[in-house]
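Working notes, structure below.
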Amino acid sequence: MTRIITRPVPTRAALMLEQSGVHPLLARLFAARGVTAKAELDTGLATLLPPDQLKGAAEAATLLADAIAARKRILIVADYDCDGATACAVGLRALRQFGATVDSLVPNRFDTGYGLSPEVVRLAAEKKPDLIVTVDNGIASVEGVAEAKRLGIATLITDHHLPTPELPAADVIVNPNQPGCGFPSKAIAGVGVMFYVMLALRAELRRRGSFAVGKEPNLADLLDLVALGTVADVVPLDRNNRVLVAQGLQRIRAGRMQAGIKALFAVAGRAPANAAAFDLGFAIGPRINATGRLADMALGIEALTTDDNGRALNIAQTLDGINRERRVIEADMREAANTLLDGLDAGNRASLTLFDPDWHQGVIGILAGRVREQLHRPTFAFARGNAGELKGSGRSIAGLHLRDALDLVAKRHPKLLRRFGGHAAAAGLTLMEDDLAEFETEFEAVAQALLSPADLQRTLVTDGALEEGYRGLDTARLLQAEIWGQAFPMPVFADVFEVENQKLLKDKHLKLALRQGRSRYEAIRFNFAEPAPARIEAAYRLDINEWNGLASVQLLIEDFRAAV
């Protein structure tokens, strides 16, 4: 059973925020998320961390400026997810405005592996680049950088993933997580790193007098891309990331966005004028990600770089179709996963390792996330790769740093994992199919050692009760306008309601009519088919339901239990 608890609120901080003019409800919510002063809520561009704090950014700017001056060919090698696609788009758009000769390449990860592998470098070499720039990848590409050097190609690595003990011998590395980098925002996404490199490059070109004749490019016009990649990559929204996302959303709401993002909002049935981080993470981002999972991310990058509204809409419609296909594949995989889980005693395990020979490599990460959400266990899902290999994608819970757990497995059994990498919450690995059973045993042992019984109980942290007067449209819109996300979670409230009526929609969504005192509320719990008791304690989010031009408040139920 899920444990529902209330997030503590530092009373003094909440009071000071309210006294400084912050809305009383927001003051409570912000204080509970670590905000202590109103100045911390300033999302103006002037509050962004300066590029000169990012190690390697100045050197990268010099390298790129020299390449532009010498008319050298630059090739961006991108990752296959939304963060990588937006980072590539930022690089292409900015570099072209700066006068660079630049192209991009997104390798097929199923054929060439992840990152700047030697195979990718040899593929890139066919385009005859003088300089390879990686975005959202490359920090672990020791062999790939060595191959580029052998072929006489310079390399600039821009990445945000955790480095391995041996760094690649690139000409320049820009990564806030590399040793010796004092950049305070270690959580910045790959697109954010590339944006910062472009800021540093503009400053270097300005110093060289490149804009003496002609208009200086306004890089703020790219912040819609930065916001999309940042939210879609589910990086923690520290203050600097919140500024990047807020600035991007501000431009989207004002209608100042790339043609591709506008088109993606249209096919997703979302209104840009009311855009929220939720839309980027759950409507726009998945349509970009699906392309990298099932098709060619070059199409997603074209959507983000074209200025032709008609072409953008055509691509967006194609991406929407690919995302629908992804949903069908995912549904089939979840059904197979449920069959596997029926044979496991998940409650007595600290981890889950799942494999089916028919699973699609591009969707196993989503599947691992669904199972993790369902059973609250670190989960790896595997699909077949090349030559007897299995590709695994994992999602973790609080208390287990997934990449560090894999590192521990690798240290104990040096020949077991062929490759691995990732973050605290998500990671990937490659191993031989014959070694799967050994991996399952060893990963379970590590999880058992690192996770406590309390870690293995799902806990839903809420913001406590919401005053009846705040359960209206004005509050819902107030909350929708703010920036919520990873490590700065969207508000979830907890209250007791009487259940007046309930019914199932499409045999899988529980629709509820709730009452508290004289007030009545429409509510829904998605993907939940069990009946609710007559009186419940519900954890819920405020949502705006729009139907036939009318807007009303709806409670989105995260969980509930019988109330005393």
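Derivation of every value follows stated rules applied to the coordinates shown; laboratory data play no part. Predicted model, so just to flag it, every value in this text is computed and none were measured. Virtual Cβ from ideal backbone geometry, glycine too; neighbours counted across all protein chains shown.
Odds and ends about this structure:
- Protection-proxy order for peptides 459-466, 342-349, each taking the mean of Cβ atoms within 10 Å per residue, highest first: 459-466, 342-349
- Report note on the peptides 175-181, 491-497: ranked by the mean count of other C-beta atoms within 10 Å, highest first, their order is 491-497, 175-181.
- Net charge contributed by nearby residues that have their C-beta within less than 13 Å of Asp279 (K/R +1, D/E -1): +2
- Overall form of the stretch 341-422 per C-alpha gyration tensor (a/c, 1.5; a/b vs b/c): oblate
- At the listed q of 0.16, 0.17 Å⁻¹, the Debye profile of the stretch 387-458, built from one uniform point per Cα, gives log10 I(q)/I(0) equal to -0.53, -0.59.
- Residues whose amide H falls under 5 Å from that of Phe355, counting only those 5 or more places apart or on a different chain, are Phe382, with hydrogens built in the peptide plane.
- Cα gyration tensor category, rounded, prolate or oblate, for the stretch 46-319 with a/c compared to 1.5: rounded
- Ranked list, fewest to most other Cβ atoms within 10 Å of each Cβ, for Tyr470, Tyr80, Tyr521: Tyr470, Tyr521, Tyr80
- The angle between the Cα long axis of helix 285-294 and the longest principal axis of the Cα atoms of the chain comes to about 60 degrees, rounded to the nearest 10.
- Debye-sum result for the stretch 122-219 in log10 I(q)/I(0), which assumes one identical scatterer on each alpha carbon, at q = 0.14, 0.15, 0.21, 0.24 Å⁻¹: -0.61, -0.69, -1.07, -1.19
- Modelled label positions at Asn527 and Thr6, each set 7 Å beyond Cα in the direction of Cβ, lie 3.0 nm from each other.
- Burial ordering of Glu166, Glu468, fewest other beta-carbon atoms within 10 Å first: Glu166, Glu468
- Residue exposure sequence - Leu15, Leu416, Leu429 - by fewest surrounding Cβ within 10 Å: Leu15, Leu416, Leu429
- Over 30 Å (Cα to Cα) - which of Lys72/Lys186; Lys55/Lys215; Lys262/Lys391; Lys55/Lys149 fall in this group: Lys72/Lys186; Lys262/Lys391
- Under 13 Å of direct C-alpha separation, and excluding same-chain neighbours fewer than eight residues apart, Lys411 reaches these aspartates and glutamates: Glu442.
- Under a 5 Å amide H cut-off, with hydrogens placed 1.01 Å from N, Val133 pairs with Leu75, Ile76, Val77, Leu156 among residues at least 5 apart or on other chains.
- In order along the stretch 481-488, the phi-based Karplus estimate (6.51 cos²θ - 1.76 cosθ + 1.60, θ = phi - 60°) of 3J(HN,Hα) comes to 6, 8, 9, 10, x, 4, 6, 9 Hz; Gly and Pro are listed as x.
- Sites Phe278 and Asp434 - FRET efficiency at Förster radius 56 Å, r taken between beta-carbons, to 0.05: 0.85
- Take the Cα of His509, step 7 Å toward its Cβ, do the same at Arg311, and the gap between the two points is 3.7 nm.
- Loop-located trypsin sites (Lys or Arg not before Pro) in the stretch 513-556 whose Cβ has at most 16 other Cβ within 10 Å (DSSP): Arg518
- DSSP-loop trypsin sites (Lys or Arg not before Pro) across the stretch 412-450, with at most 11 other Cβ within 10 angstrom: Lys415
- J(HN,Hα) series, the stretch 418-428, from Karplus relation 6.51 cos²θ - 1.76 cosθ + 1.60, nearest Hz, glycine and proline x: 7, 8, 7, x, x, 10, 5, 9, 9, 7, x
- On the principal axes of its alpha-carbon atoms, the stretch 1-121 has extents of 58, 44, 22 Å, going from largest to smallest.
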